[in-house]
Amino acid sequence: MDKILICDLLTRGVIGLSEKERSRPQDILVNVEMETDIRDAALSDSIEDCVDYSEMTKAIFLLVEKSERSTLEALTTDIANLCLSHPRVVSVTVRTEKTSAVRFVKSVGVEITRNK
């Protein structure tokens, strides 16, 4: 299976359990691997036969920006469901990371894989 990649999308959204965490948006790093068959797109060279990664990136960015989830688990699942709503995506792996949640670590995060 072929893959469409969105790497290191830096977003900002309200996420967390504590009042302090929820008082302002936090940086959330998003990585996505969407499995699809690109043969039609390769033959036609047409965006209509593709998973438009530009449009998908914008949709993920807006989803995170508007979301006010408590957990990364819920937000990551929302992103996976958004990707799977595209008719050409058959499977997706999503990793989300909070880059300032825990002292002395670069990030903490969640990674899930979902299939249609």
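The values are calculated or read from the model by the stated rules, or taken from the named source; none is laboratory data. Small disclaimer: the values here were computed from a predicted structure and weren't measured. No Cβ is skipped: glycine too gets one built from the backbone with ideal geometry, and neighbour counts run over all protein chains shown. We work out accessible area using only protein heavy atoms, side chains counted, and drop any ligands, DNA or RNA first. Shrake-Rupley method; radii C 1.70, N 1.55, O 1.52, S 1.80 Å.
In table form, for the structure just shown:
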| read-out | value |
| --- | --- |
| Residue list for region 40-62, restricted to those being in contact with a strand residue (DSSP E or B) (Cβ under 8 Å, 6 or more places away or on another chain) and open to solvent by 70 Å² or more (accessible area, probe 1.4 Å) | 53, 61 |
| When residues of region 68-93 are limited to those that are of a type in the set (Ser, Thr, Tyr) and open to solvent by less than 20 Å² (accessible area, probe 1.4 Å), the one nearest to the chain's Cα centre (by Cα) | 76 |
| Residue list for region 1-23, filter: charged (D, E, K, R), in contact with a strand residue (DSSP E or B) (Cβ under 9 Å, 6 or more places away or on another chain) and either modelled with pLDDT under 95 or not in a strand (DSSP E or B) (or both) | 21, 22 |
| Residue list for region 50-79, filter: without any contact (Cβ under 8 Å) to a residue 12 or more places away in the chain and assigned to a helix (DSSP H, G or I) | 54, 55, 58, 62, 74 |
| Enumeration of residues in region 102-116 that are surrounded by fewer than 16 Cβ atoms within 10 Å (Cβ to Cβ), of a type in the set (A, V, I, L, M, F, W, C) and in a strand (DSSP E or B) | 108, 112 |
| Residue within region 92-101 that is more than 19 Å from residue 1 (Cβ to Cβ), of a type in the set (A, V, I, L, M) and part of a helix (DSSP H, G or I) present | no |
| Residue list for region 24-39, filter: open to solvent by 70 Å² or more (accessible area, probe 1.4 Å) and modelled with pLDDT under 95 | 24 |
| Pairs where the first residue, in region 24-45, is more than 30 Å from residue 102 (Cβ to Cβ) and the second is of a type outside the set (D, E, K, R) and open to solvent by 60 Å² or more (accessible area, probe 1.4 Å), C-beta under 9 Å, 6+ apart | 35/1; 35/90; 35/115; 36/1; 36/90; 37/1; 37/90; 41/47 |
| Positions within region 1-23 being in contact (Cβ under 8 Å) with a residue 60 or more places away in the chain and open to solvent by 90 Å² or more (accessible area, probe 1.4 Å), in sequence order | 1 |
